[in-house]
Amino acid sequence: MKTEFLSEDQTKRAAEILKGGGIVAIPTETVYGLAASVYDKNAIKAIFKAKGRPSDNPLIVHISGLEDIENIVSKIPENAKKLAEKFWPGPLTMIMPKNSKIPKEVTGGLDSVAIRYPANEISRRIISQAGVPLVAPSANISGRPSPTKFEHVVNDLNGKINAVVDGGECAVGLESTVVSMLSDIPKILRPGKISAEDIKKVVGAVEIDKSVFEKPNGFEKILSPGMKYKHYSPKTPIKMVIGDACKYAEFVNTHRNEDIGALCFDEDIPFLKVPYVSYGSVYDTISQSRNLFEALREVDKLDVKILYAHYKEIDSLSLAVYNRLIRAAAFCVISL
Ligand code: TXA
Ligand code: MG
């Protein structure tokens, strides 16, 4: 298939392709998404095929106005109304009970549906011009880092999708916060820019699902199917190393004859005697979020056997970075 490369001014063309049953990668403020009409089962199948995504991993439905929600859910929980008022449009996805119009292919057979109202103007224009809500998983091959630039989408999906819209670099760089609104207390299933504290301030209480921190043990019920799959992995195996700058530099330099590389902070660079890729300043979680996925794509170019990724400490802001990095490292952590 020939993939059309569209500029951000060609949103009408993107909408036309979507209305005709095609699949189109579109920019959002978090990461690029691979979009299709929520009602088009064939296009939805094509998304799963292009990404190599397991069919039980449900998709997020993207809307361009609050009025769209009534056609998607059977009930809007009170807390969801409050969170929508505060954070939408923006990088928050809420899981609510689905209604019968939403095909089961969208939700991987679940009775709930994930909804997001993106802030990015280009994505909102495409959803409005398509005239239907759009499903859009991240526009990467399953298991690879999510795409934050046009080039990342092209590298993964050129020739497999109908079109990709170039919206430049994504402002946030990590996927949306996913929060389940199915019980009275909202539960974070995937951390993102909107933090637990942000949510707590609006609704009074919030929980964070265990799967955010831990490897699923295979016995418990997984609330967010996406959390059980391998994620964000470069080809080079990664181990996450937690410790201060001195200990980290000493650790990687000790292993320097073993064909290793560093995924590090800017401040580590002067002390390293091994090849490296940095993912931002240790003091700037916003830039770490924006750079992480690109850095995870760059590390394979170092052509090393193993990569030691530096992480300092978990705080509420960096939980989203931690969650992605520990999955990229397949939960292998070395504490110094
Ligand atoms: O920022 C984002 O959310 C991006 C952009 C494109 O909007 N999209 C995205 O989609 O990250 P995806 O498919 O890569 O991740 C969606 C996550 C998966 O972990 C999936 O299992 C979970 O949301 N999810 C979707 N529907 C769900 C549901 N009904 N219940 C539980 N988890 C759900
Ligand atoms: Mg994804």
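The values are calculated or read from the model by the stated rules, or taken from the named source; none is laboratory data. Given the structure is predicted, the values throughout are model-derived calculations rather than measurements. Neighbour counts are summed over all protein chains in view; Cβ atoms, including those assigned to glycine, are modelled from backbone coordinates with ideal geometry. We work out accessible area using only protein heavy atoms, side chains counted, and drop any ligands, DNA or RNA first. Shrake-Rupley method; radii C 1.70, N 1.55, O 1.52, S 1.80 Å.
State which residue pairs qualify: first residue among the β-branched types (Val, Ile, Thr) and inside the stretch 49-60, second residue outside any loop (DSSP other than H, G, I, E, B) in any location, beta carbons under 6 Å apart, and separation of 6 or more residues or different chains.
60/93; 60/114; 60/116
Name the one entry in 125, 116 that is buried (at least 24 other Cβ atoms within 10 Å of the Cβ), among the basic types (Lys, Arg) and in contact with a Ser or Thr (Cβ under 7 Å, 6 or more places away or on another chain).
116
Answer with yes or no whether residue 133 is away from ligand 2 (no atom under 16 Å from the Cβ), in contact (Cβ under 8 Å) with a residue 12 or more places away in the chain, under 14 Å from residue 72 (Cβ atoms) and not aromatic (Phe, Trp, Tyr). Even if it seems obvious, please write down each step before you answer.
Numbers: away from ligand 2 (no atom under 16 Å from the Cβ): yes; in contact (Cβ under 8 Å) with a residue 12 or more places away in the chain: yes; under 14 Å from residue 72 (Cβ atoms): yes; not aromatic (Phe, Trp, Tyr): yes.
Taking the combined requirement at face value, the residue satisfies it.
Of all residues in the stretch 19-45, count the ones that are free of Cβ contacts under 8 Å to residues at least 60 places away in the same chain and buried (at least 16 other Cβ atoms within 10 Å of the Cβ). Working first, answer last.
Step one: filter the stretch 19-45 for residues free of Cβ contacts under 8 Å to residues at least 60 places away in the same chain, giving 20-21, 40, 42-43.
If we keep only those that are buried (at least 16 other Cβ atoms within 10 Å of the Cβ) as well, we get 40, 43.
Result for the stretch 19-45: 2.
Inspect the stretch 28-44 for any residue being within 13 Å of ligand 2 (Cβ to nearest atom) and more than 23 Å from residue 321 (Cα to Cα) and give the result as yes or no.
no
Name the residue, out of 89, 58, 77, 103, that is surrounded by fewer than 17 Cβ atoms within 10 Å (Cβ to Cβ) and not hydroxyl-bearing (Ser, Thr, Tyr). Give the derivation first.
Numbers: 89 fails: surrounded by fewer than 17 Cβ atoms within 10 Å (Cβ to Cβ); 58 fails: surrounded by fewer than 17 Cβ atoms within 10 Å (Cβ to Cβ); 77 fails: surrounded by fewer than 17 Cβ atoms within 10 Å (Cβ to Cβ).
On inspection, the qualifying residue turns out to be 103.
In the stretch 250-271, how many are closer than 24 Å to residue 287 by Cβ and within 30 Å of the chain's Cα centre (by Cα)? Steps first, answer last, please.
Here is the first cut: in the stretch 250-271, the residues closer than 24 Å to residue 287 by Cβ are 251-252, 261-271.
Right, trim to within 30 Å of the chain's Cα centre (by Cα) and you get 252, 261-269.
Residues in the stretch 250-271 being closer than 24 Å to residue 287 by Cβ and within 30 Å of the chain's Cα centre (by Cα): 10 in total.
State which residue is modelled with the highest pLDDT when the search covers only the stretch 219-258 and only residues that are part of a loop (DSSP other than H, G, I, E, B), away from ligand 1 (no atom under 16 Å from the Cβ) and open to solvent by less than 70 Å² (accessible area, probe 1.4 Å). Walk me through it before giving the result.
Looking only at the stretch 219-258, we keep the residues that are part of a loop (DSSP other than H, G, I, E, B), and these are 219-224, 229-237, 243-244, 255.
Among the residues that remain, those that are also away from ligand 1 (no atom under 16 Å from the Cβ) are: 219, 234-237, 243-244, 255.
Add one more test, that the residue is open to solvent by less than 70 Å² (accessible area, probe 1.4 Å), and what stays is 234, 236, 243, 255.
Values: 234: 86, 236: 93, 243: 93, 255: 96.
Residue satisfying both the conditions and the ranking: 255.
Looking at the stretch 1-18, I want the residues that are closer than 9 Å to residue 166 by Cα and have a partner that is among the small types (Gly, Ala, Ser) with Cβ atoms under 6 Å, at least 6 apart or on another chain. Which pairs are those?
Correct list of pairs: 6/14; 6/163; 8/167.
Output yes when any residue across the stretch 84-99 is farther than 17 Å from residue 178 by Cα, basic (Lys, Arg), in contact with a strand residue (DSSP E or B) (Cβ under 9 Å, 6 or more places away or on another chain) and in the same structural domain as residue 55 (by TED's automatic domain parsing), and no when none is.
So far as the stretch 84-99 goes, no, none of its residues is farther than 17 Å from residue 178 by Cα, basic (Lys, Arg), in contact with a strand residue (DSSP E or B) (Cβ under 9 Å, 6 or more places away or on another chain) and in the same structural domain as residue 55 (by TED's automatic domain parsing).
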